[in-house]
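Here is the structure we will look at.
What follows draws every value from the coordinates through simple rules; no lab data is involved. The structure presented is a predicted model; accordingly, all values stated were derived computationally and were not measured. Cβ placement follows ideal geometry from the backbone for every residue including glycine, while neighbour counts extend to all protein chains displayed.
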């Protein structure tokens, strides 16, 4: 587990020594999700077929931060690059493009992080589909506040059990 | 376990309810035209639901000040529930998708409006308002994955039933037209300034539309005479670009393939494909290439009903699921309107006339969203 | 033209968020799309916005894009021709 508190996303990008120029084009939510996934997967290459890796994310404010920025741009000339990010699931698209993940993906909007929901959803994925690994969690960005908590769940578990209690310990 | 479809409800530019919609589909009556309700400087054709918010509110039994997305959602979901006639005392969930939430209200109020106009901005609050109206409390979820949202809501609902968490689910989605969306799509330069021509060689883009579509799904023990089953579903990520699909339609191909696998069907078993078919250069060649890879050399009849309803974004998967159920029930095949020149890259082309009395046993419905989110649903006759 | 091209390079970097780049590193005749700078379809749309915002030139059709935006020089030439 890694904490980066009080730093800007650009600072985290630099500190993690990532080389991915497309990062700068992303909106804040996508930058946050992208970075969280980079940190999660650092030194932990996934050895599954790309079609078997799923990404399931959630938050409370959807793409509101970018919605507001885009709306402001419509006063002058609307920005296509901003409009692209006025959907919360684009962050999943960015993570998948970066890593080549082609498995199932979905984005849920909740009032607060729902450990029970995520656990059940990911378990049903593993039961019903070819999914062997899933990146799941919460990615939230609004104004000055941002939070991300991501978990990597693999079918053949290793050290930490994928349980509601363990999810809540990190982000309850 | 079979997932039964016990009810379906729809509202779009071509009609309120299934009967009106079927009539339009049969008579070739498309819903796009000059803007009547939406105020915009862009003279673009849109497919608007021909009712004011006041009229919708009366039908929906919601306040007139409710976001338009909520009004559309409530009307379609109520039609589905009424048909389903569910017994009391069972665990019912509401899984609803949308992309604009209450944006139609906030874009008017922004930036100096009163706070109360913003309280329904986000997608989840629209779902909750409709859940309250329908009296569903056991489980309420919101999905927001662009144009595949309501298809994803449908199969998520099926999963909840399969795993024993719920007995029945009202699942689907809705989106109303908003200036935000119109401006946004306009800056991406993928709107047609004329009525759209999906899968035509000279297609120029999509037309935006609005509407809602919902199914009531149940476990086998709840429904005695289902209209159909949800026999297959799958979702995959194209992992190519934020808004464009990969040239060969990898994500679409994977979604269709896995949906067939789940349904235990071969491509040759599909009797009709309801295409995502937005009419953009990119989607149609991408989706077409994926279909060619999977179905060659035997292609089932297929069409894009977005040539009738426009692209209803968060509502499209749900609306097209309802049209798919109707096709199974009545043996209907819908035409792809305004198709004059088949795409030269593809060895097949959508059908252009309405048919009935056809033996339709399995329907494949595609919904592909921005962010590479590709979903396919398969509905089958019982 | 040289002054315009230098200015364009600066503007492209800002408009497209090419944070790691300097104007000097963009060649006058370097392809902007596919190879060279490797810009994509959304970048193309942002360049259309750039033309409108900074030079009050509106591209009639997205189809004109590939020719106009092939290199910094073709962009500069288009601006000069249409002002």
Inset, instruction - Pop a pseudo-label 7 angstrom from the Cα along the beta-carbon direction at both residue A:20 and residue A:152 and give the gap in nm to one decimal. - result: 1.3
Inset, instruction - For segment B:228-380, take the alpha-carbon Rg, divide it by the Kirkwood Rh, and send me Rg/Rh. - result: 0.92
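Express in nm, to one decimal, how much length is gained between residue B:40 and residue B:353 on full extension, taking 0.36 nm for each residue of separation and deducting their alpha carbon distance.
Answer, rounded to one decimal: 109.3 nm.
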Inset, instruction - Would you please put B:170-183, B:220-233, B:16-29 in order of how densely packed they are, using the mean number of other Cβ atoms within 10 angstrom per residue and starting with the highest? - result: B:170-183, B:220-233, B:16-29
Inset, instruction - Take segment B:4-218, compute every pairwise Cα distance, and split them into 5 Å bins from 0; I just need the percent in each bin. - result: 1, 7, 15, 19, 19, 16, 11, 7, 3, 1, 0
Inset, instruction - Using Cα pairs closer than 8 Å and at least 6 residues apart in sequence, work out the relative contact order for chain B, in percent. - result: 23
Inset, instruction - Determine the equivalent ellipsoid of chain C by diagonalising the alpha-carbon gyration tensor, then write out the semi-axes as square roots of 5 times the eigenvalues, largest first, rounded to whole Å. - result: 17, 15, 12
Inset, instruction - Return the percentage of antiparallel bridges among DSSP beta bridges fully within the protein assembly as shown, rounded to the nearest 5 %. - result: 60
Legend entry - Residues in segment A:134-153 reached by a label modelled at residue A:161 [backbone nitrogen below 17 Å; 7 Å Cα→Cβ]: A:153
Legend entry - Mean ellipticity per residue at 222 nm, deg cm²/dmol - from DSSP H runs of n ≥ 4 across chain B, formula -39500 (n - 2.57): -10000 deg cm²/dmol
Legend entry - By average C-beta atoms within 10 angstrom, highest first, the peptides A:39-47, B:6-14, B:368-376: B:368-376, B:6-14, A:39-47
Inset, instruction - Just the number, please: percent antiparallel of the DSSP beta bridges in segment A:9-170, rounded to the nearest 5. - result: 50
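Can you tell me the order of B:254-267, B:154-167 when each peptide is scored by its average per-residue count of other Cβ atoms within 10 angstrom, highest first?
Going from most to least packed, we get B:154-167, B:254-267.
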Inset, instruction - Mind jotting down the three principal axis lengths of the protein assembly as shown based on Cα atoms? Whole angstrom, largest first. - result: 76, 60, 56
Legend entry - Per-residue mean of C-beta atoms belonging to partner chains within 10 Å, peptide B:121-127: 5
Inset, instruction - Return the FRET efficiency for the residue pair residue A:76, residue B:29: r is the Cβ-Cβ distance, R0 is 45 Å, and the value is rounded to the nearest 0.05. - result: 0.70
Inset, instruction - Scale the Cα Rg of segment A:83-172 by the rule-of-thumb value 2.2 N^0.38 Å and send over the ratio, two decimals. - result: 1.12
Inset, instruction - With an 8 Å cut-off on Cα pairs and a minimum separation of 6 or more residues, tell me the relative contact order of chain C in percent. - result: 34
Legend entry - Shielding of B:258-264 by partner chains, average beta-carbon count, 10 Å: 1
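With both bridge residues required to lie in chain B, what share of the DSSP beta bridges run antiparallel, to the nearest 5%?
65
Got the relative contact order for chain A handy, in percent, Cα pairs under 8 Å and 6 or more residues apart?
Reported relative contact order: 28 percent.
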Inset, instruction - Report, in cubic angstrom per residue, the convex hull volume of the C-alpha atoms of segment B:232-279. - result: 88
Legend entry - Within a Gaussian network of chain B (alpha carbon springs, distance under 10 Å), most fluctuating of B:80, B:54, B:212: B:54
Inset, instruction - Work out the mean other chain Cβ neighbour count within 10 Å for the residues of A:95-102 and drop it here as an integer. - result: 5
Legend entry - Expected 222 nm ellipticity per residue - DSSP helices of 4 or more, -39500 (n - 2.57), all of chain C, to 500: -16000 deg cm²/dmol
Inset, instruction - For segment A:70-134, state the semi-axes of the equivalent ellipsoid (square roots of 5 times the eigenvalues of the alpha-carbon gyration tensor), sorted largest first and rounded to whole angstrom. - result: 31, 16, 7
Inset, instruction - Would you please give the FRET efficiency between residue C:53 and residue A:48, computed as 1/(1 + (r/R0)^6) with r the Cβ-Cβ distance and R0 = 41 Å, to the nearest 0.05? - result: 0.35
Legend entry - Binned Cα-Cα distances of chain A, short to long, each 5 Å bin given as a whole percent: 1, 8, 18, 21, 21, 16, 9, 4, 2, 1, 0
Legend entry - Relative pair counts by distance (%), Cα atoms of chain B, 20 Å bins: 33, 60, 7
Legend entry - Cα centroid separation, segment B:51-87 to segment A:3-80 (Å): 36
